[in-house]
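Before any comments, here is the structure.
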Amino acid sequence: MLRASRLLCALALLAVAVPASAQQGAGPLADLLARGANPDGPFAKKSMAATDSLVLRAREQLGRRYKFAAATPERGFDCSGLVKYVLDAFGVDLPHNAARIAKVGEPVASDSAALKPGDLLMFGRGRSTHISHVGIYIGDGKMIHASTSQHRVVETKVPSSGSMLKLRTVRRVLRDSTTGRTRSE
């Protein structure tokens with residue numbers, strides 16, 4: 001009981017001291033408080049940081065040349081090679097094939113409100129149900145993918161329903177660093 005009351009006193013003192021230091025706007029404590037509460041604990045990594053890093057890693061590849069069956073910045077990328085390369089940095093091992101990637105992870109509704117940066121967008125052409133292309137959703141209705149028509153890695157809007165590419169499915173493969181679950185769980 002004494003230990004609990006000491007802990008409560010310490011927390012009360014911290015609550016009084018923290019707002020003063022946060023108002024100064026300097027230091028790591030102020031930065032930590034600005035991030036907001038993390039339901040996984042005060043020192044757990046927020047999954048948003050992982051998705052921000054994933055988007056940054058994907059953007060680092062912009063302009064790299066398109067090359068069929070390639071999966072490195074030096075050789076170039078095809079669509080699945082780009083996705084494999086980017087997600088490999090986050091411990092996600094994916095096949096180098098868009099149709100097989102479409103079977104990995106958790107399905108996500110293709111509604112734009114359900115999409116999160118890092119989700120994988122799977123496309124087919126025309127009326128075919130075959131998955132032939134994959135891109136990485138980066139938010140704000142945009143994706144990064146290795147474009148065969150532009151011969152390079154590009155950032156574009158997610159193709160609309162009138163496009164040749166038809167969105168077939170969305171998969172979430174990035175796992176939350178603190179729980180071991182996919183972010184969709």
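Things to note:
- Listed from fewest to most Cβ neighbours within 10 Å, the set Glu155, Glu60 follows the order Glu60, Glu155.
- Neighbour counts of other Cβ atoms within 10 Å put Asp119, Asp88 in the fewest-to-most order Asp88, Asp119.
- Listed from fewest to most Cβ neighbours within 10 Å, the set Arg127, Arg152 follows the order Arg127, Arg152.
- Pair Arg65, Ala109: separation of 7 Å Cα→Cβ label points (nm): 4.4
- Cα gyration tensor shape for the stretch 47-172, rounded if a/c is under 1.5, else prolate or oblate: rounded
- Remark on His133: its backbone amide H falls under 5 Å from those of Phe123, a criterion applied only to residues 5 or more positions apart or on other chains, H modelled at 1.01 Å from N.
- Among the listed pairs Lys67/Lys157; Lys67/Lys142; Lys103/Lys166; Lys67/Lys166; Lys103/Lys142, those beyond 20 Å (Cα-Cα): Lys67/Lys157; Lys67/Lys142; Lys67/Lys166; Lys103/Lys142
Every read-out reported here was derived from the displayed coordinates using simple, explicitly stated rules and does not represent laboratory data. Nothing here was measured: the structure is a model prediction, and the numbers come from that model. Backbone-built Cβ (ideal geometry, glycine too); neighbour counts: all protein chains shown.
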